[in-house]
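The values are calculated or read from the model by the stated rules, or taken from the named source; none is laboratory data. Since the structure is predicted, the reported quantities are computational estimates derived from the model, not experimental observations. Using ideal geometry, Cβ is built from the backbone for each residue, glycine included, and neighbour counts are taken over all protein chains shown. Remember, those area values only see protein heavy atoms, side chains included, never the ligands or the DNA or RNA. Shrake-Rupley method; radii C 1.70, N 1.55, O 1.52, S 1.80 Å.
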Amino acid sequence: MGKKAGLLPIGVFLVLFLGVGCATGDFYKMPAIVAFLIALLVAFLQNRTLSFQEKIHVIAGGVGNDNIITMCLIFLAAGAFSGTVSAAGGVESTVNLGLSILPSGIVVAGLMMIACFISVSMGTSMGTIGALGPIAIGISDKTGYSLAICIGAVVSGAMFGDNLSMISDTTIAAVRTQGCEMKDKFKENFFLVLPAACISLILYGVLARNGSYQMNEALPYHLIQVIPYVVVLAGALIGINVFIVLISGTLVSILAGLLTSTIAVDEIFTVMQEGITSMYDITVISIIVACIVSLVKKNGGIEYILDIIHRSIKSHSGGEFGIAILAVLVDLCTANNTIAIVMAGPIAKEISEDYNISPRRTASLLDIFTSVTQGLIPYGAQLLLAAGLTKLSPVNIIPYLFYPVLMGISVIFILLIRKDEKVPLTEETQIDFNKNL
């Protein structure tokens, strides 16, 4: 079997996922997990030189990789924190606190700032858009600001946090597939995207500079309900183990909920379970993708892609742009930035080793460029949710999504003028994600 044929399972997934989406006009008619399972079946039917038991051994090695197991456990721990902090009223208090202290003249830019903080704290762009979408509608109604601008500011802020948050599934996937520390990836990421965030805030401020906004309803908040987010963010930045950070955040959230009577004693484990359950899909998908990638690699598919890349890329910076292009293309096909990172991660790891790119830079590029794409595609979950809440077309919102566009431009510019810190290929601390696949 030729190396090119090893990519057939990925092709089957793309045809199913995109084909059903294009045919029905709804890219969620074909659940990703179903498409991946069919692709896995195709992978099993290939390469008859291997017995069924030998193929099971191959995928067991892939799923049993330290990074895959750790990634799945972090997903579940992040779900527990998200479930408890939401039940404790953390989201509502954070939103109300932000709106209470923002001057009326910068309320649209303020929407983006609040969205940034919430998404960095919660680790979810979808949850941020869901929480702030109704507020954006109310601000538009009361001020006369374009609803597209208001919801665009929310989506921009949501994508900022989705890309940077320590507990975002995209961050977890990027860090674990590349074998680097979360704090290192955050620092690398932050300075790459900071110019885009600052310019976006200025643009939203300029567009809404002549408006005013006065909240008539009460904006109750409890500072104690905001503390869990601060604990998680601070702990992650300091470099405390991610499991300790998430467990601490969960315990603080429970305490905050009990003190403010938003969580009853007999509801503690229920709200944790609800959060954990919300992470089941991405956890199972990560396992199935690891199975597919292990068989694709065994059948020569990964090597075929790398051969093409090597013929096109001749330098360190070329390798960085190759990773960026890979991230964009996979996200365009999957419409899910986490899945795109899980799929592209092993290939990006190979590229980074071949072109001496540091793991933290590779993780940042994967997360950034999947977020750029995810924040702009009209069939992505984020824009579909924003459109559903506002009754606008995704096409009407896209012109006001300043941050995803500027993020891509900013990072490309920085890559052109600034060199990555190269890492010796013999570095013992570098984790080889693919060696067991």
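Are there any pairs, at least 6 apart or on different chains, whose C-beta atoms fall under 7 Å, with the first in the stretch 76-101 and within 15 Å of Ala131 (Cα to Cα) and touching a residue at least 24 places away in the same chain (Cβ under 8 Å) and the second open to solvent by less than 30 Å² (accessible area, probe 1.4 Å) and not in a helix (DSSP H, G or I), and if so, which?
Note: pairs meeting the criteria are Ser82/Gly123; Ala87/Ile263; Ala88/Ile263.
May I ask you to say which residue of Thr250, Thr283 is open to solvent by less than 60 Å² (accessible area, probe 1.4 Å), within 21 Å of Ser165 (Cα to Cα) and modelled with pLDDT of 85 or more?
Every option except Thr250 fails the conditions.
Tell me, please, whether a residue that is hydrophobic (A, V, I, L, M, F, W, C) and over 30 Å from Ala348 (Cα atoms) can be found in the stretch 279-295.
no
Checking the conditions here, which among Ala158, Ala148 is part of a helix (DSSP H, G or I), under 19 Å from Met279 (Cα atoms) and among the aliphatic types (A, V, I, L, M)?
Testing whether each residue is part of a helix (DSSP H, G or I), under 19 Å from Met279 (Cα atoms) and among the aliphatic types (A, V, I, L, M) leaves just Ala158.
Can you tell me which residue is surrounded by the most Cβ atoms within 10 Å (Cβ to Cβ) among those in the stretch 121-149 that are in contact (Cβ under 8 Å) with a residue 60 or more places away in the chain and among the polar types (S, T, N, Q)?
Among residues in the stretch 121-149 that are in contact (Cβ under 8 Å) with a residue 60 or more places away in the chain and among the polar types (S, T, N, Q), the one surrounded by the most Cβ atoms within 10 Å (Cβ to Cβ) is Ser125.
Of all residues in the stretch 344-372, count the ones that are farther than 16 Å from Glu188 by Cα and open to solvent by 30 Å² or more (accessible area, probe 1.4 Å).
Qualifying residue count for the region: 5.
Only residues that are open to solvent by 30 Å² or more (accessible area, probe 1.4 Å) and either at pLDDT 80 or above or small (Gly, Ala, Ser) (or both): list them for the stretch 222-247, please.
Across the stretch 222-247, the qualifying residues are His222, Leu223, Ile224, Ile227, Val230, Val231, Ala234, Gly239, Phe243, Ile244, Ile247.
Do you know which residues across the stretch 246-291 are assigned to a loop (DSSP other than H, G, I, E, B), polar (S, T, N, Q) and within 30 Å of Leu37 (Cα to Cα)?
Across the stretch 246-291, the qualifying residue is only Ser278.
Among (1) touching an Asp or Glu at 6+ places or on another chain (Cβ under 6 Å); (2) surrounded by fewer than 24 Cβ atoms within 10 Å (Cβ to Cβ), where does Ile202 come up short?
(1)
Please state which of the following conditions Ile263 fails to meet, knowing it meets all the rest: (1) hydrophobic (A, V, I, L, M, F, W, C); (2) open to solvent by 30 Å² or more (accessible area, probe 1.4 Å); (3) in contact (Cβ under 8 Å) with a residue 60 or more places away in the chain.
(2)
Any residue at all in the stretch 306-320 that is modelled with pLDDT of 85 or more, within 18 Å of Ser352 (Cα to Cα) and either not small (Gly, Ala, Ser) or not in a helix (DSSP H, G or I) (or both)?
yes
Filter the stretch 79-95 down to residues that are open to solvent by less than 10 Å² (accessible area, probe 1.4 Å) and under 15 Å from Ala264 (Cβ atoms), then give me how many there are.
Going through the stretch 79-95 one residue at a time, the tally reaches 2.
Which residue out of Ala39, Ala87 is among the hydrophobic types (A, V, I, L, M, F, W, C) and touching a Pro at 6+ places or on another chain (Cβ under 8 Å)?
Step by step, each of Ala39, Ala87 is checked, and only Ala39 is among the hydrophobic types (A, V, I, L, M, F, W, C) and touching a Pro at 6+ places or on another chain (Cβ under 8 Å).
Tell me which of these Pro399 doesn't satisfy, since it passes every other one: (1) closer than 30 Å to Cys150 by Cβ; (2) modelled with pLDDT under 85.
So Pro399 meets the others, but not (2).
Among the residues of the stretch 330-358, count how many are of a type outside the set (S, T, N, Q), in a helix (DSSP H, G or I) and closer than 23 Å to Asp162 by Cα.
15
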